[in-house]
């Protein structure tokens with residue numbers, strides 16, 4: 001199985017406090033990997049390492065190895081803007097920009113220097129279709145993205161990520177702020193696009209992880225306790241801590 005991102009002995013410090021303790025985790029190509037665990041277990045912190053979002057947090061030190069297609073993500077030669085085109089991110093709260101749907105989705109393309117209007121139009125339409133929101137917005141592309149529902153806004157944000165054709169999509173609890181119907185639409189779209197993208201999703205929702213992911217990684221207190229095929233991990237976890245968490249004994 002080909003891995004798009006490989007990480008080894010990842011440690012993250014806030015000042016002197018170690019928050020991630022020697023994580024080894026790989027992300028197979030065109031598979032969905034779910035990161036589960038209680039609040040404060042390090043899932044989102046680890047996820048944010050993968051596109052260097054933690055660079056924006058003062059006092060953070062990160063050690064260990066991060067390779068994207070064999071190249072060091074944290075090398076001084078790495079262009080962080082280019083990295084974030086390859087490794088897109090969808091956040092917990094929908095965060096569309098306060099302008100039109102069209103300009104939201106085109107934003108990353110324009111930032112990348114794309115000037116071809118026909119190409120931009122094609123990519124916007126394709127991305128909105130991939131994000132399963134085209135039928136709802138196709139006649140309202142010039143309307144402010146903030147005027148749509150939370151679920152629609154989140155799918156517009158996903159379209160914005162897809163437009164730059166990333167290799168990997170990171171998702172930090174992308175459905176936790178949404179109603180069940182909107183959340184189900186996001187899950188369906190992830191299953192629809194997983195043959196084109198490698199996806200890592202942080203979720204507190206065990207049912208969601210079991211429904212959509214190929215692999216699951218269980219985090220606890222900044223450690224990676226266990227990782228494996230989702231079906232195997234949920235049915236027969238190897239570690240007692242994993243079993244206790246899946247059975248609701250804590251979290």
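Annotations
- Here the Kirkwood formula, the inverse mean of 1/r across different C-alpha pairs, assigns the chain a hydrodynamic radius of 18.7 Å.
- Cα long-axis angle, helix 117-130 against the chain (0 to 90 degrees, to the nearest 10): 50 degrees
- Calculated mean residue ellipticity at 222 nm for the chain: -10500 deg cm²/dmol, from DSSP H runs with n ≥ 4 weighted as -39500 (n - 2.57), summed, divided by the residue count and rounded to 500.
- Using all pairs of distinct alpha-carbon atoms, the Kirkwood hydrodynamic radius of the stretch 57-108 works out to 13.9 angstrom.
- Ellipsoid semi-axes in whole angstrom, largest first, where each is sqrt(5λ) of the Cα gyration tensor of the stretch 1-94: 19, 17, 15
- Taking label positions 7 Å along the Cα-Cβ direction at both residue 16 and residue 221, the computed distance is 2.1 nm, reported to one decimal.
- On a per residue basis, the convex hull of the C-alpha atoms belonging to the stretch 68-143 measures out at 134 Å³.
- 0 to 90° range, to nearest 10: angle between helix 150-163 axis and the chain longest Cα axis: 90 degrees
- Helix 180-193 and the longest principal axis of the Cα set of the chain meet at an angle near 90°.
- Sorted fewest first by neighbouring Cβ atoms within 10 angstrom, 176, 100 come out as 176, 100.
- Given in Å, the Rg to one decimal and the Dmax to the nearest whole number for the Cα atoms of the stretch 128-216 are 12.8, 39.
- Footprinting exposure proxy for 102, 97 (fewest neighbouring C-beta atoms within 10 Å first): 97, 102
- Arranged from fewest to most other beta-carbon atoms within 10 Å of their beta carbon, 43, 196 become 196, 43.
Values quoted throughout were computed directly from the atomic coordinates according to the rules given, and no laboratory measurement underlies them. This structure is a prediction, so every number in the text was calculated from the model and none was measured. For neighbour counting, all protein chains shown are included, and Cβ atoms are generated from backbone atoms with ideal geometry for every residue, glycine included.
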